[in-house]
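The values are calculated or read from the model by the stated rules, or taken from the named source; none is laboratory data. No experiment lies behind these values; they were computed from the predicted model shown. Cβ atoms come from the backbone with ideal geometry, glycine included; neighbour counts cover every protein chain shown. The protein model used for the area step is the full one, side chains on, heavy atoms only, and it has no ligands, DNA or RNA in it. Shrake-Rupley method; radii C 1.70, N 1.55, O 1.52, S 1.80 Å.
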Amino acid sequence: MKAFRAIIALTFRNAVRSHIFQLLLILLLLCVTVIPFSVSVGKPEDLIRVSLLYSLWSVSIILALSSLWLGCYVMSHDIDSYQIHMVVSKPVSRITIWIGKWLGINLLNFILLFVAMLTVYGMVMFRYHSAGKEDMLADRELARQNARAEKERIRSQVLVGRKSFLPERPDAEAVANDIVRRRSEEAAKAGKPMSEDARLKMRDEIKNRIEQKMPDEVLPGISNAQTWVFKDVPSELNKTNLTLRFRPYLGKVASEDQNDSFIQWGVQVPAFVKTAGEEGAFVYGAPEMYFTGTFHEKDLPQGVVSEDGVVKIRAINLDRAGGKHYYQVADGPKLLIPVCSFEMNYLRAMLVMMIQLLLLSGLACAFGGFLTMPTAVFMVASYLLFGALSMVLTDPSFFTESAWDKMGQSLAQMLLLIVIPLQHFDVTDLLSGGDLIEFAFIGELFYKYFLLRGVPLFVFGIWLYWRREMGSAVRK
């Protein structure tokens, strides 16, 4: 145990002496302090959200790259510089050396992560307390009330951890038949009846769109209302005001060329179902204007959760120009319920980043133990690149119906069984949006990627490191 602690301390001390620690610390502090003040957006909550997103993303990238470089450097440099020969001549196993160096690297990473996260948190709190500060000091009571309401909105929408409920994906064939029936009736009333071939083609297109998780398309008009069904919502939330988050797109799913558009939201009240029926139980608010392409939140009334935990939300497209609305599956609409404070959610994000650093440094040490540094860096980077590309290639919207596309998708799905897509470790969007980082999600990351994929590679790298003949490293 004494030798083990000495290896950890020596690895950490050597990393600090090589000025890596100072360089990374300065770079991290610059990123987390300069980036928030370089971002300029309108609302204070948007400023906090964007600053949090960019700062944490920068921290994650810098520490990921440093873990990759440090792991490969520490393992290969000790062999190339013959320092390892003095260690292996002692009664210390190579497994102890490998694990000690891995923990020494992560000790440095965790110190840097802790300092960076504290700095980011301080900047976020500074932004929060600065929001509406001038209005709070104003003589007008209305200005002070608006400032207080603004800070409450930031606390309830950004600086919070909210559990999200996504709508159930509908029965593709049933929904397609219902939409075709309604559009066929409208066409018949307009004196332009649809042919059987046209109805079949429309049904197949809608069915494929739903099955491939394409964005929900909402045509203008009351008869084309889109209904989303949320299941397994705790019934005790009937006494709570739920929040609906959504991001509509106008005309196309793209950030450019978006505009103001009108939407009328409705929610089904379970207490009215027995007397008014399923359709009559929907209660609608007044049409509201939203700028499309951005996220919006809307508070729902109490008493919208049925006894079996179902919530039904409906949207009517009332765009004045008759444009279509699109809702992506990944970003809503979704129901949000506050669960924990921002501080607790922030610690969960830090835990995810720690797992990522443990994984990356382990991969770097595994390859650096039996390869030269440039080769080890190339191998780890290639492995991670395959994971990132596999995630892109398995996206259904990336493919057409050709045989080559299907073959590429199948190959990417097979690769995902052995590679690690780092996209899954990015929780900056969740944290900056006030979404809860659930322990079940963290446990899945740890089990699926660290234990099932990372540990076998660690063991393989340790075995090759143990089998490596150190004498072969001596140059003649």
Sequence order, the stretch 461-466: Karplus ³J(HN,Hα) from phi using 6.51 cos²θ - 1.76 cosθ + 1.60, θ = phi - 60°, Hz rounded, Gly and Pro as x, gives x, 5, 4, 5, 5, 5
Would you mind classifying the stretch 297-359 by shape? Square roots of the alpha carbon gyration tensor eigenvalues, ordered a ≥ b ≥ c; an a/c under 1.5 is rounded, otherwise it is prolate if a/b is larger than b/c and oblate if not. oblate
In nm, what is the difference between 0.36 nm times the number of residues separating L118 and T294 and their Cα-Cα distance? 60.4 nm
How many Å² of accessible area per residue for the chain, probe 1.4 Å? 52
As a test of the definition: which semi-axes, in Å, follow for the stretch 206-283 when you take the square root of five times each eigenvalue of its alpha carbon gyration tensor? Largest first, please. 27, 16, 15
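Rounded to a whole number, what % of the accessible area of the stretch 352-395 do carbon and sulfur atoms account for, probe 1.4 Å?
Using a 1.4 Å probe with all protein chains present, the stretch 352-395 comes out at 87 percent carbon and sulfur.
First measure r as the distance between the Cβ atoms of D260 and S223, then evaluate 1/(1 + (r/R0)^6) with R0 = 22 Å and state the FRET efficiency to the nearest 0.05.
0.45
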Carbon/sulfur fraction of accessible area - the stretch 183-305, other protein chains in place, 1.4 Å, %: 51
So, R0 is 56 Å and r is the distance between the beta-carbons of A388 and K189; what FRET efficiency does that work out to, to 0.05? 0.65
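Would you kindly state how much longer the chain becomes between E236 and S341 on full extension, computed as 0.36 nm times their sequence separation minus their alpha carbon distance, in nm to one decimal? Before the final figure, lay out the partial values.
Details: separation 105, 0.36 × 105 = 37.80 nm, distance 2.02 nm.
Roughly 35.8 nm would be gained on extension.
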Can you tell me the relative contact order of the chain? Whole percent, Cα pairs under 8 Å, sequence separation 6 or more. 21
The stretch 226-293 and the stretch 299-372: distance between their alpha carbon centers, rounded to Å: 19
Once label points are set 7 Å from the Cα along Cα→Cβ at both S130 and I95, what is their separation, rounded to one decimal in nm? 5.3
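Stretch Q423-A6 to full length: gain in nm at 0.36 nm per residue minus the Cα-Cα span?
Full extension from Q423 to A6 adds 146.6 nm.
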Taking the Cα of R468, stepping 7 Å toward and past its beta carbon, and measuring to each backbone N in the stretch 93-108: which are under 15 Å? 94-102
Through the Karplus equation 6.51 cos²θ - 1.76 cosθ + 1.60, θ set to phi - 60°, convert the phi angles of the stretch 314-325 into ³J(HN,Hα) values in whole Hz; use x for Gly and Pro. 9, 10, 10, 7, 10, 4, 5, 8, x, x, 7, 9
Helix-only mean residue ellipticity at 222 nm, the chain, DSSP H runs n ≥ 4 weighted -39,500 (n - 2.57), per residue, nearest 500. What is it? -18500 deg cm²/dmol
Residues whose modelled amide H sits under 5 Å from the amide H of C340, counting only those 5 or more places away in sequence or on another chain, are G161
Using only the Cα atoms of the stretch 314-391, build the gyration tensor, take square roots of its eigenvalues as a ≥ b ≥ c, and label the shape rounded, prolate or oblate: rounded if a/c is under 1.5, else prolate if a/b is larger than b/c, else oblate. oblate
Calculated from the structure, Cα extents along the principal axes in Å equals which of (1) 61, 59, 47; (2) 66, 61, 46; (3) 92, 69, 42? (3)
